[in-house]
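The values are calculated or read from the model by the stated rules, or taken from the named source; none is laboratory data. Bear in mind that the values here come from a model prediction, so they are computed numbers and not experimental data. In this analysis, Cβ positions are derived from the backbone assuming ideal geometry, glycine residues included, and neighbour counts consider all displayed protein chains. Keep in mind that these areas ignore ligands, DNA and RNA; they rest on the heavy atoms of the full protein, side chains included. Shrake-Rupley method; radii C 1.70, N 1.55, O 1.52, S 1.80 Å.
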Amino acid sequence: MDSRLSFLFEQSNDLFCVSDRPGTIIHTNSTFQKVLGYAETELRGTNMSELSHPADLKRKEELLKTLTLSKEINGYESRIKAKNGRYYNIKWSFILNEEDGLLYSTGTNLTDKLSIDEQSNVTDNIQHIIQSFNEGFFVINSNWQITAFNPAFQAITGLTTEQLKNINFRQLDSLGITDEVMRQMETAFNGNISSQVQYFNAYFNRWLRVNIYPYKNEVMVFVRDITGIKTQQLILALEKNVLELNASSLYSLPETINELLKGIEEIFPDMICSVLEVDEAQEKLWHIAAPRLPLECYNAVNGLAIGPKAGSCGTAVYHRSQVIVSNIETDPLWSDYKHLILPYGLKACWSTPIISSYSAKVLASFAIYYTTEREPKPEEIRMIERTANILRVLIENKKNQDHVKDQNKRLQEIASISSHEIRRPVATILGLVNLFDRNNLDNPMNKEIINHIDITAKELDGVIHTIVEKTIFLKGEE
C-alpha cells in the first residue's frame, strides 16, 4: 500500500482492514486494534469469519458473490467479536482491487449509536447480551414504533440502522407480518398476555418463530429464523403422507407422485417440479407428474429424447448423473430446446436421475425449474437427494406391484389351461380308448379311433407346450 495512504488510514477514527479475497487479515489500523482490543500480530493471518458473529456468517457467501460482480459495497453491517468477547456492530464499506486481488475494508463503529434508546434504563451489560443474541430482538412502544433492536433482528429484516429506527412495526414489509402475528401483538398490548407464533414470511420465503412479551407500556419481541427446522418437519410429514398414499390401492403412481411434488412446491414456493419416466427402450422421457408446469410447456417437452445434449433431464439420464443448469438461455445443453422453455419464464433447471436400486437402469428424472437464474443451496441439494430416494421407492414399488399382478394373471391363465384346455383333449382320448374294439383288432373303426387319438394327442402336446412357455417366462422374471 502507498505509504501516504497508509498514514491516512493509521490516523483515521474508522476501522481499516486489508485482507485477501477469502477474508484472511493482512493489515489493520490502530483504530481497528484499539476498538476490538487485539494486537496487530494477533489479527494478522486470522480470517474475518473467526471474528464474525455466527448469525452473520450465512451472509458472507452472498457478500463475496456481490463483491465479485460489483467490486464495491457500502453500508454493510455486521457484528465483530472483540478480544473481551463483546460484539461490536460495524458498518463496512468494501472495495475489491482486481490488480492485487486484495479486499480493502473501512468500518464505522455503530455500537454506541444503535439499538437501545437513550431514554431506556437498560444497563450496559444487558445491552451487550442483547447485542450478542443469535435471535432477533426488538422493542415496540404503544404507538407501534420500534424503539430498540439488535443486529440479529436487523439481519432478519435486511434493513439498515437508519431504516429501522422508529419505523412503525406495521409498515415493516420485510417481516411479512401475518394477521395472526398482529392479533397476538394487540393481545400483548391490550391484555398483557405473552404468546408464541410461528409463521411463513412470504417476503423472504423464511419460517419465523416470534415470542412476544408485554412489559409496562411496551412489548419485547424475540424473532428466530426456524426455516431449517420447520422445513425438515414439513418434509418428514410430506414423506409420511406420500408413503401412506403409496400403500393405498386408491392412488395410482402418477397421483401419488403428483401429491409429492405439490407438497414440495408448498414447502419451497419458488420451485416448479416435474418427474419424467424413462421408457423401456431407454430412449425417451414421458411426464408422470408436473403440477405447476404450464400445460403448453408440459406438452412441449413430453417425449423428450435422451442424449448428451438434451436439456437438463435428457442429459442427466444419458450420463446417469445430476445436471445443474443455472441459466437455460446460455447453457449449451439447452441450445436445441430452450425455445420450448424460455417463453414460459423458466430460466434455470436442475435434474436428477432416479436410478434403480436393483440394476443400472434409469427409471425417471426429477426436475426442478426456477423463474430466476440460480444454483442450488446445500439444503436444496439435500432435499433433492431425499426426494430422489422417495421417488425410487414409489416407482419400484409400483413396478413390483405391476410385476406381481402380471405374474398372477399368468398363473391364472396357466390354471385355466390346466383345468379346461387339458381336460378336454384328455376326456376325448379316454372316450376314444373306450370305443376301441380290443376283440376285433381288424375292425375298420379302430383305424379311425387311432387317427383321432393322434390328432388329440398333438393338441394336448400344444397345450402342455404353452404351459411350459408361460412357466419359463415366470421364472425368468423372478
Query raised in the report: Does segment 60-70 contain at least one residue that is of a type in the set (Val, Ile, Thr) and open to solvent by less than 50 Å² (accessible area, probe 1.4 Å)?
Result: no
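Residues are listed down the side, and each one gets a yes or a no for (1) assigned to a helix (DSSP H, G or I); (2) at pLDDT 85 or above:
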| site | (1), (2) |
| --- | --- |
| Lys83 | no, yes |
| Thr108 | no, yes |
| Lys113 | no, no |
| Asn134 | no, no |
| Ile146 | no, yes |
| Ile156 | yes, yes |
Query - Boolean, Ile324 is within 21 Å of Arg292 (Cβ to Cβ) and either in contact with a strand residue (DSSP E or B) (Cβ under 6 Å, 6 or more places away or on another chain) or not aromatic (Phe, Trp, Tyr) (or both) - result: yes
Query raised in the report: Counting only residues that are assigned to a strand (DSSP E or B), open to solvent by 10 Å² or more (accessible area, probe 1.4 Å) and more than 19 Å from Tyr344 (Cα to Cα), how many does segment 282-316 have?
Result: 4
Report task. Could you run through segment 260-280 and say how many residues are over 16 Å from the mean Cα position of the chain (by Cα) and surrounded by fewer than 18 Cβ atoms within 10 Å (Cβ to Cβ)? Result -> 2
Report summary line: Reported set for segment 81-98 where residues are aliphatic (A, V, I, L, M) and open to solvent by 70 Å² or more (accessible area, probe 1.4 Å) is Ile95
Report summary line: Conditions (1) farther than 23 Å from Thr157 by Cβ; (2) free of Cβ contacts under 8 Å to residues at least 12 places away in the same chain; (3) of a type outside the set (Gly, Ala, Ser) -> Thr68 fails only (2)
Report summary line: Sole miss for Gln322 among (1) of a type outside the set (Val, Ile, Thr); (2) within 16 Å of Cys273 (Cβ to Cβ); (3) at pLDDT below 95 is condition (3)
**Report entry** Number of positions in segment 163-183 that are without any contact (Cβ under 8 Å) to a residue 24 or more places away in the chain, more than 19 Å from Asn143 (Cβ to Cβ) and assigned to a helix (DSSP H, G or I)
**Finding:** 2
Query raised in the report: Of all residues in segment 353-382, how many are open to solvent by 20 Å² or more (accessible area, probe 1.4 Å) and in a strand (DSSP E or B)?
Result: 1
Query raised in the report: Exactly one of (1) open to solvent by 80 Å² or more (accessible area, probe 1.4 Å); (2) on the phi < 0 side of the Ramachandran plot is unmet by Lys216. Its number?
Result: (2)
Requested in this report: State yes or no: is Leu238 of a type in the set (A, V, I, L, M) and at pLDDT 90 or above?
Outcome: yes
Requested in this report: Only one of these is touching a residue at least 60 places away in the same chain (Cβ under 8 Å), more than 19 Å from Pro151 (Cβ to Cβ) and surrounded by 13 or more Cβ atoms within 10 Å (Cβ to Cβ): Ser12, Ser78, Ser30. Name it.
Outcome: Ser12
Query raised in the report: What do you reckon, is Glu477 modelled with pLDDT under 80 and among the acidic types (Asp, Glu)?
Result: yes
Query - Selection within segment 34-58 - crowded, with 16+ Cβ neighbours inside 10 Å and closer than 21 Å to Arg224 by Cα - result: Ser52, His53, Ala55, Asp56
